[in-house]
Amino acid sequence: DQQVKQNSPSLSVQEGRISILNCDYTNSMFDYFLWYKKYPAEGPTFLISISSIKDKNEDGRFTVFLNKSAKHLSLHIVPSQPGDSAVYFCAASAGSQGNLIFGKGTKLSVKP
Amino acid sequence: SQTIHQWPATLVQPVGSPLSLECTVEGTSNPNLYWYRQAAGRGLQLLFYSVGIGQISSEVPQNLSASRPQDRQFILSSKKLLLSDSGFYLCAWSGVVNDIQYFGAGTRLSVL
């Protein structure tokens, strides 16, 4: 049973436009959420995180929104750049005892 | 600053041969250590994690084992590789269990 779901395997966006990557979760105990970016043949790199006490966190071009009632979070990239093309993983954890649970990832392609 | 090293980058092994992948972390003490596998289209699957020397938790029963002989060393092993063991193996570390994990560059294992 997937606790963290990224239902879109891929997303294609034009350079300069907004990229919106979505993530849904089922475990109401999750209280910390992270986004990772992964290039082929490399390890994932941490992008941005959000605690359940917040509904928005921003870092430069990257903003994560959390909707706890809908058990949904999204990553917005504005403006999108070709170098943003990668696989993006959503992850979540529950309390101090929980390991990170990862989604299957969404492959973002930003076209020049 | 903390760094994580993982080797080798690629490995081709015949079915039935043994496996040893090594991961070391520098610049921190008593890290939590993780082994993941990324199979095609299946996201990041947690295989093992360790909160201290000699302490290994297995998430998925399989043909693999892990050991932590030193504080900052984590080893993934197999006595006899199967075709299904092929994949991209990632080592990661974190300061606490549910916090940001930092990944190594990964090992591409092909079992033929």
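Here the contact order of chain A, divided by its residue count and restricted to Cα pairs under 8 Å and six or more residues apart, works out to 37 percent. The label point for B:SER29 and the one for A:LEU11, both projected 7 Å from the Cα toward the Cβ, are 4.2 nm apart. Centre-to-centre separation between the Cα atoms of the range B:44-112 and those of the range A:4-76: 25 Å. Between chain A and chain B, the total buried accessible area stands at approximately 1500 Å², from heavy atoms with a 1.4 Å probe. B:ILE53 sits among other residues whose Cβ lies under 10 Å from its own Cβ, and their net charge, with Lys and Arg +1 and Asp and Glu -1, is +1. Tell me the carbon and sulfur percent of the accessible area for the range B:61-112, rounded to whole percent, probe radius 1.4 Å. Heavy-atom surface of the range B:61-112 belonging to carbon and sulfur, 1.4 Å probe: 57 percent.
Taking the empirical scaling 2.2 N^0.38 Å for compact globular proteins as reference, the protein assembly as shown has a Cα radius of gyration ratio of 1.02. Each Lys or Arg adds one and each Asp or Glu subtracts one; over the other residues with Cβ under 14 Å from the Cβ of B:ILE75, this totals +1.
Interface residues of the range A:28-59, defined as those losing at least 30 Å² of solvent-accessible heavy-atom surface relative to the isolated chain (probe radius 1.4 Å), are listed as A:TYR32, A:TYR36, A:LYS38, A:ALA41, A:GLY43, A:PRO44, A:PHE46. Take every Cα pair under 8 Å whose residues are at least 6 apart in sequence, average their separation, divide by the length of chain B, and the relative contact order is 36 percent.
In the protein assembly as shown, a dipole from Cβ-located charges (positive for Lys and Arg, negative for Asp and Glu) runs towards its positive end, and of A:ILE53, A:GLY43, B:SER17 it is B:SER17 whose Cα lies farthest in that direction. Pairs of Lys residues in the range A:31-108 are counted when their Cα atoms are under 20 angstrom apart and they lie 8 or more places apart or on different chains; the count is 10. The residues packed around A:VAL78, meaning those with a beta-carbon under 15 Å from its beta-carbon, carry a net charge of -1 if Lys and Arg are +1 and Asp and Glu are -1. Only one residue of B:GLN38, B:SER110, B:ILE4 has its Cα farthest out toward the positive end of the dipole of chain B, where Lys and Arg carry +1 and Asp and Glu -1 on Cβ, and that residue is B:SER110.
Each residue of the range A:50-55 was assigned a 3J(HN,Hα) from its phi angle through the Karplus curve 6.51 cos²θ - 1.76 cosθ + 1.60 (θ = phi - 60°); the sequence is 8, 8, 5, 7, 10, 10 Hz, with glycine and proline shown as x. If you wrap the tightest convex hull around every Cα atom of chain B and split its volume per residue, you get 94 Å³.
Only the Cβ atoms of Lys and Arg (+1) and of Asp and Glu (-1) were treated as charged; on that basis the dipole of the protein assembly as shown about its Cα centre amounts to roughly 440 debye.
Its Cα gyration tensor gives the range A:15-92 an equivalent ellipsoid, and the semi-axes of that ellipsoid, as √(5λ) in whole Å with the largest first, are 22, 14, 10. Between the listed residues B:GLY87, B:GLN101, A:VAL64, the Cα displaced farthest toward the positive end of the dipole of the protein assembly as shown, a dipole computed from Cβ unit charges relative to the Cα centre, is found at B:GLY87.
The values are calculated or read from the model by the stated rules, or taken from the named source; none is laboratory data. Just so it is clear, the model here is predicted, and its values are computed rather than measured. Every residue, glycine among them, receives a Cβ derived from its backbone with ideal geometry; neighbour counts consider all protein chains shown. Calculation scope for accessible area: heavy atoms of the full protein, side chains included, ligands and nucleic acids excluded. Shrake-Rupley method; radii C 1.70, N 1.55, O 1.52, S 1.80 Å.
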